[in-house]
Amino acid sequence: SALAGALAASASPALSQLSTTRGWSFGAHLQGTSLTPEGGTNSSGGGLGIRAGYGFNRIVTGFVHVDGSQIDITEGGSIVGSWNLAHAELGARFHFANSLRRWVPYLETSVGARAVEVRDAEFAGESAGNVTFNGGAFTVGTGLSTYFKPSLAFDVSLKWTGGKFTEIDLGDIVQRNIDIDAASFRFGLGLIWWP
(Lines give C-alpha, C1' and ligand atoms only; values in the text may rest on other atoms or scores of the structure.)
Protein backbone atom coordinates (compact mmCIF):
# COMPACT_ATOMS: atom_id res chain seq x y z
CA SER A 1 0.00 0.00 0.00
CA ALA A 2 2.77 2.41 0.96
CA LEU A 3 4.78 1.32 -2.09
CA ALA A 4 1.81 1.89 -4.41
CA GLY A 5 1.26 5.35 -2.93
CA ALA A 6 4.94 6.26 -3.44
CA LEU A 7 4.86 5.06 -7.05
CA ALA A 8 1.69 7.05 -7.76
CA ALA A 9 3.22 10.19 -6.23
CA SER A 10 6.41 9.84 -8.28
CA ALA A 11 4.48 9.17 -11.48
CA SER A 12 2.04 12.08 -11.19
CA PRO A 13 4.50 14.87 -12.29
CA ALA A 14 5.32 12.96 -15.48
CA LEU A 15 1.67 12.27 -16.20
CA SER A 16 0.76 15.91 -15.68
CA GLN A 17 3.51 17.32 -17.93
CA LEU A 18 1.81 19.08 -20.86
CA SER A 19 4.72 20.89 -22.53
CA THR A 20 8.49 20.81 -22.93
CA THR A 21 11.13 23.33 -23.98
CA ARG A 22 14.28 21.29 -23.30
CA GLY A 23 16.55 19.54 -25.78
CA TRP A 24 16.48 19.53 -29.57
CA SER A 25 13.52 20.97 -31.47
CA PHE A 26 12.67 21.42 -35.13
CA GLY A 27 10.05 23.67 -36.64
CA ALA A 28 8.47 24.73 -39.91
CA HIS A 29 5.97 27.46 -40.64
CA LEU A 30 4.08 29.48 -43.20
CA GLN A 31 4.59 33.21 -42.96
CA GLY A 32 3.25 36.52 -44.12
CA THR A 33 6.01 39.05 -44.77
CA SER A 34 6.29 42.76 -45.36
CA LEU A 35 9.31 44.85 -46.39
CA THR A 36 9.73 48.61 -46.15
CA PRO A 37 13.00 49.94 -47.64
CA GLU A 38 14.26 53.42 -46.85
CA GLY A 39 12.31 55.95 -48.89
CA GLY A 40 10.09 53.18 -50.32
CA THR A 41 6.60 51.86 -49.79
CA ASN A 42 5.53 48.87 -47.72
CA SER A 43 5.07 45.71 -49.79
CA SER A 44 3.89 42.31 -48.60
CA GLY A 45 3.94 38.67 -49.61
CA GLY A 46 4.31 35.19 -48.18
CA GLY A 47 6.71 32.32 -47.78
CA LEU A 48 8.11 29.45 -45.72
CA GLY A 49 10.60 29.08 -42.89
CA ILE A 50 12.42 26.35 -40.97
CA ARG A 51 14.28 26.35 -37.66
CA ALA A 52 16.39 24.08 -35.47
CA GLY A 53 16.88 24.78 -31.78
CA TYR A 54 18.30 23.38 -28.58
CA GLY A 55 16.77 24.08 -25.17
CA PHE A 56 19.63 24.39 -22.68
CA ASN A 57 17.11 24.58 -19.87
CA ARG A 58 13.39 25.28 -19.46
CA ILE A 59 13.84 29.00 -20.26
CA VAL A 60 16.61 29.46 -22.86
CA THR A 61 16.69 27.90 -26.34
CA GLY A 62 19.35 28.70 -28.91
CA PHE A 63 18.26 28.42 -32.53
CA VAL A 64 19.14 28.73 -36.20
CA HIS A 65 16.39 30.03 -38.48
CA VAL A 66 16.12 30.51 -42.25
CA ASP A 67 13.16 31.63 -44.34
CA GLY A 68 12.22 32.93 -47.74
CA SER A 69 9.30 34.97 -49.07
CA GLN A 70 8.18 36.30 -52.43
CA ILE A 71 6.97 39.87 -52.72
CA ASP A 72 5.62 41.08 -56.06
CA ILE A 73 5.96 44.82 -56.68
CA THR A 74 4.23 45.95 -59.85
CA GLU A 75 4.06 49.69 -59.34
CA GLY A 76 5.02 52.53 -57.03
CA GLY A 77 8.58 51.30 -56.46
CA SER A 78 11.84 52.46 -58.00
CA ILE A 79 12.76 48.86 -58.92
CA VAL A 80 9.90 46.74 -60.26
CA GLY A 81 10.02 42.96 -60.46
CA SER A 82 9.64 39.73 -58.51
CA TRP A 83 11.23 40.32 -55.10
CA ASN A 84 12.54 37.33 -53.13
CA LEU A 85 13.36 38.15 -49.49
CA ALA A 86 15.44 35.79 -47.31
CA HIS A 87 16.55 35.85 -43.66
CA ALA A 88 19.24 33.68 -42.02
CA GLU A 89 19.51 34.10 -38.25
CA LEU A 90 21.23 32.83 -35.12
CA GLY A 91 19.43 33.69 -31.91
CA ALA A 92 17.96 32.86 -28.52
CA ARG A 93 14.38 32.30 -27.47
CA PHE A 94 13.31 32.95 -23.88
CA HIS A 95 10.29 30.92 -22.77
CA PHE A 96 7.93 31.78 -19.95
CA ALA A 97 7.70 28.05 -19.44
CA ASN A 98 5.64 25.90 -17.12
CA SER A 99 5.51 22.20 -17.97
CA LEU A 100 2.04 21.96 -16.41
CA ARG A 101 0.55 24.33 -19.04
CA ARG A 102 -0.30 23.63 -22.66
CA TRP A 103 0.54 27.19 -23.71
CA VAL A 104 4.02 28.77 -23.48
CA PRO A 105 4.63 32.41 -24.47
CA TYR A 106 8.13 33.57 -25.41
CA LEU A 107 10.36 36.43 -26.50
CA GLU A 108 13.31 36.06 -28.86
CA THR A 109 16.16 37.99 -30.41
CA SER A 110 18.63 37.15 -33.17
CA VAL A 111 21.31 38.48 -35.49
CA GLY A 112 22.10 37.42 -39.02
CA ALA A 113 21.86 38.37 -42.66
CA ARG A 114 19.07 39.49 -44.95
CA ALA A 115 19.01 39.45 -48.74
CA VAL A 116 16.64 40.57 -51.46
CA GLU A 117 16.88 39.28 -55.02
CA VAL A 118 14.86 41.12 -57.65
CA ARG A 119 14.42 38.93 -60.71
CA ASP A 120 13.73 40.48 -64.10
CA ALA A 121 14.11 43.89 -62.53
CA GLU A 122 13.06 47.07 -64.27
CA PHE A 123 14.52 50.42 -63.28
CA ALA A 124 13.11 53.62 -64.77
CA GLY A 125 11.33 51.51 -67.39
CA GLU A 126 14.50 49.71 -68.51
CA SER A 127 15.48 46.08 -67.90
CA ALA A 128 18.20 45.63 -65.28
CA GLY A 129 18.35 41.82 -65.15
CA ASN A 130 18.68 40.31 -61.67
CA VAL A 131 19.60 42.62 -58.80
CA THR A 132 20.57 41.43 -55.30
CA PHE A 133 20.75 43.49 -52.09
CA ASN A 134 22.59 42.09 -49.03
CA GLY A 135 23.22 43.21 -45.49
CA GLY A 136 23.25 42.41 -41.80
CA ALA A 137 20.10 42.35 -39.71
CA PHE A 138 18.88 42.10 -36.15
CA THR A 139 15.49 40.77 -35.05
CA VAL A 140 13.24 40.91 -32.02
CA GLY A 141 10.08 38.86 -31.76
CA THR A 142 7.40 37.31 -29.63
CA GLY A 143 5.08 34.36 -29.89
CA LEU A 144 3.00 31.64 -28.30
CA SER A 145 3.36 27.86 -28.50
CA THR A 146 0.22 25.80 -27.79
CA TYR A 147 0.89 22.10 -27.21
CA PHE A 148 -1.13 19.23 -28.67
CA LYS A 149 1.10 16.93 -26.61
CA PRO A 150 4.35 17.53 -24.67
CA SER A 151 6.53 17.06 -27.77
CA LEU A 152 4.42 18.86 -30.42
CA ALA A 153 3.18 22.46 -30.44
CA PHE A 154 1.32 24.84 -32.73
CA ASP A 155 3.37 28.02 -32.90
CA VAL A 156 2.31 31.61 -33.64
CA SER A 157 5.06 34.22 -33.99
CA LEU A 158 5.56 37.89 -34.83
CA LYS A 159 9.00 39.30 -35.70
CA TRP A 160 10.41 42.71 -36.54
CA THR A 161 13.77 42.95 -38.33
CA GLY A 162 15.90 46.04 -38.80
CA GLY A 163 19.22 46.62 -40.47
CA LYS A 164 20.86 47.97 -43.59
CA PHE A 165 21.51 46.70 -47.08
CA THR A 166 25.23 47.36 -47.56
CA GLU A 167 25.88 45.66 -50.92
CA ILE A 168 24.20 45.61 -54.34
CA ASP A 169 25.09 42.91 -56.87
CA LEU A 170 24.13 43.82 -60.44
CA GLY A 171 25.71 40.74 -61.97
CA ASP A 172 28.66 42.38 -63.70
CA ILE A 173 29.08 45.04 -61.00
CA VAL A 174 29.11 44.73 -57.20
CA GLN A 175 28.76 47.95 -55.25
CA ARG A 176 29.70 47.84 -51.57
CA ASN A 177 29.53 50.31 -48.68
CA ILE A 178 26.03 51.46 -49.54
CA ASP A 179 23.66 52.40 -46.74
CA ILE A 180 19.97 51.57 -47.23
CA ASP A 181 17.85 51.11 -44.10
CA ALA A 182 15.04 48.57 -44.32
CA ALA A 183 12.50 47.03 -41.95
CA SER A 184 10.74 43.71 -42.38
CA PHE A 185 7.87 42.15 -40.44
CA ARG A 186 7.02 38.45 -40.35
CA PHE A 187 3.91 36.72 -39.00
CA GLY A 188 4.27 32.94 -38.79
CA LEU A 189 2.00 29.95 -38.21
CA GLY A 190 3.60 26.55 -37.86
CA LEU A 191 4.60 23.50 -35.82
CA ILE A 192 7.51 22.78 -33.48
CA TRP A 193 8.54 19.20 -32.64
CA TRP A 194 10.78 17.91 -29.84
CA PRO A 195 12.03 14.44 -30.92
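A few remarks follow.
- Some residue of the range 85-107 being touching a residue at least 24 places away in the same chain (Cβ under 8 Å), open to solvent by less than 60 Å² (accessible area, probe 1.4 Å), part of a strand (DSSP E or B) and farther than 22 Å from Thr33 by Cα: yes
Every residue, every condition in (1) more than 20 Å from Gln70 (Cβ to Cβ); (2) assigned to a strand (DSSP E or B); (3) of a type in the set (Phe, Trp, Tyr), yes or no:
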| site | (1), (2), (3) |
| --- | --- |
| Lys159 | no, yes, no |
| Asp172 | yes, no, no |
| Asp179 | yes, yes, no |
| Ile192 | yes, yes, no |
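- Enumeration of residues in the range 168-195 that are surrounded by 16 or more Cβ atoms within 10 Å (Cβ to Cβ) and charged (D, E, K, R): Asp169, Arg186
- Selection from the range 46-64 of residues that are open to solvent by 30 Å² or more (accessible area, probe 1.4 Å) and part of a strand (DSSP E or B): Gly46, Leu48, Ile50, Ala52, Tyr54, Val60, Val64
Condition check ((1) modelled with pLDDT of 95 or more; (2) over 17 Å from Ala183 (Cβ atoms)) across all residues:
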{"residue": "Ser1", "(1), (2)": "no, yes"}
{"residue": "Arg51", "(1), (2)": "yes, yes"}
{"residue": "Val64", "(1), (2)": "yes, yes"}
{"residue": "Asn84", "(1), (2)": "no, yes"}
{"residue": "Phe96", "(1), (2)": "yes, yes"}
{"residue": "Ser99", "(1), (2)": "no, yes"}
{"residue": "Val116", "(1), (2)": "no, no"}
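The values are calculated or read from the model by the stated rules, or taken from the named source; none is laboratory data. Quick caveat, the model's predicted, so the values are computed rather than measured. Cβ: placed from backbone, ideal geometry, glycine included. Neighbour counts: every protein chain shown. We work out accessible area using only protein heavy atoms, side chains counted, and drop any ligands, DNA or RNA first. Shrake-Rupley method; radii C 1.70, N 1.55, O 1.52, S 1.80 Å.
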